[in-house]
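The values are calculated or read from the model by the stated rules, or taken from the named source; none is laboratory data. Treat the numbers as computed from the prediction; the structure is a model and nothing was measured. When we count neighbours, we look across all protein chains shown, and the Cβ atoms used for this are built from the backbone with ideal geometry, even at glycine.
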Amino acid sequence: MRIKCFFESNFIPVDYNMMFVSFIKECLKKSDEDYFNKLFYYQNKQNKKSKNYSFAIGFNNFKLDGNVFNIGGDVIFNLTSPDLEFFVNFYNGLLKTKFFNYKEYTLKRKRVVFIKEKVIDNDEVIFKTLSPICIKDKNNNYLDIDDEKFNQELSYIADLIVKNFRGYGIKKEINFEPIDMKKRIVKLNKDFLNQNKDSYYKVNAYSGTFKLKGDVEDLNLIYQLGLSFRRNQGFGMLEVV
């Protein structure tokens, strides 16, 4: 299930990922607070378990001014999830959220469009990233795409993502082949991540097109769930080329 929402805003922060993390939480809370608490908290502590969705943000007419993007057109929010309970709760909350305020920034919802999912029927597929992919090793070091451990760690996180949704992981190891991938540095606010205030945590990530080989059912779930570390913070949403 996929949805695209168009927003009006004069400006958004350079670390806009965190703005939309808060937006998703606000929608879920408005829809069903019990579900929101079940998803994000466990025994009165934050539930760090991965959630069954990924999202991407797009905007075309913009100008960077310090730590703010001045926006001249729409801000476009894309979200994907195969989890029906999550999707219904998010959508119901979205309809209740005409305006969303985050710090000094405001989003005004304009229109919402459902996007038809494509069906993968082959054991290899070409994807393009709607939001960048970041992969790291067991020591929390972000990996370059030509690192010999990249494919191994990509398969590792794919296995966890799929297992979290359906109860068991990928049926066979996936194989990643870059086609046209470019490095991208994404800024996340450290204050949001409970680290140092007023500074940024930089994530090494990649955007572009790539080929993925694996089990057909696994590939369809990866398409629906996203593929990356930090998916729930605006990484790893994919589209079939």
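Need the failing condition index for Val125 against (1) more than 17 Å from the chain's Cα centre (by Cα); (2) hydrophobic (A, V, I, L, M, F, W, C); (3) assigned to a helix (DSSP H, G or I), just the number.
Going through (1) more than 17 Å from the chain's Cα centre (by Cα); (2) hydrophobic (A, V, I, L, M, F, W, C); (3) assigned to a helix (DSSP H, G or I) one by one, Val125 breaks only (3).
Read through the list (1) assigned to a loop (DSSP other than H, G, I, E, B); (2) within 20 Å of the chain's Cα centre (by Cα); (3) not aliphatic (A, V, I, L, M), then give the number of the only condition that Phe114 fails.
Tallying (1) assigned to a loop (DSSP other than H, G, I, E, B); (2) within 20 Å of the chain's Cα centre (by Cα); (3) not aliphatic (A, V, I, L, M), Phe114 fails exactly one: (1).
Given (1) loosely packed, with under 15 Cβ neighbours inside 10 Å; (2) within 21 Å of Glu217 (Cβ to Cβ), where does Ile120 come up short, assuming only one miss?
Answer for Ile120: the failing condition is (1).
Filter region 158-178 for residues that are of a type in the set (D, E, K, R) and in contact (Cβ under 8 Å) with a residue 40 or more places away in the chain and give the result.
Kept after step one, since they are of a type in the set (D, E, K, R), are these residues of region 158-178: 159, 163, 166, 171-173, 177.
Matches in region 158-178: Arg166, Lys171, Lys172, Glu173.
Per-residue answers, yes or no, for (1) over 22 Å from Lys136 (Cβ atoms); (2) touching a strand residue (DSSP E or B) at 6+ places or on another chain (Cβ under 6 Å); (3) surrounded by 21 or more Cβ atoms within 10 Å (Cβ to Cβ):
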site: Lys202; (1), (2), (3): no, yes, no
site: Ala205; (1), (2), (3): no, yes, yes
site: Gly208; (1), (2), (3): no, yes, no
site: Asp215; (1), (2), (3): yes, no, no
site: Asp218; (1), (2), (3): no, no, yes
site: Ser228; (1), (2), (3): no, yes, yes
site: Arg231; (1), (2), (3): no, yes, yes
site: Phe235; (1), (2), (3): no, no, yes
site: Val241; (1), (2), (3): yes, yes, no
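Can we say Thr106 is among the hydroxyl-bearing types (Ser, Thr, Tyr), modelled with pLDDT of 95 or more and crowded, with 17+ Cβ neighbours inside 10 Å? Break it down into steps so the answer makes sense when it comes.
Numbers: among the hydroxyl-bearing types (Ser, Thr, Tyr): yes; modelled with pLDDT of 95 or more: yes; crowded, with 17+ Cβ neighbours inside 10 Å: no.
The answer is no for Thr106.
Going through Lys136, Lys98, Lys128 one at a time, which residue ends up being without any contact (Cβ under 8 Å) to a residue 40 or more places away in the chain, surrounded by 10 or more Cβ atoms within 10 Å (Cβ to Cβ) and touching a strand residue (DSSP E or B) at 6+ places or on another chain (Cβ under 7 Å)?
Working: Lys136 fails: without any contact (Cβ under 8 Å) to a residue 40 or more places away in the chain; Lys128 fails: without any contact (Cβ under 8 Å) to a residue 40 or more places away in the chain.
Unique residue meeting the criteria: Lys98.
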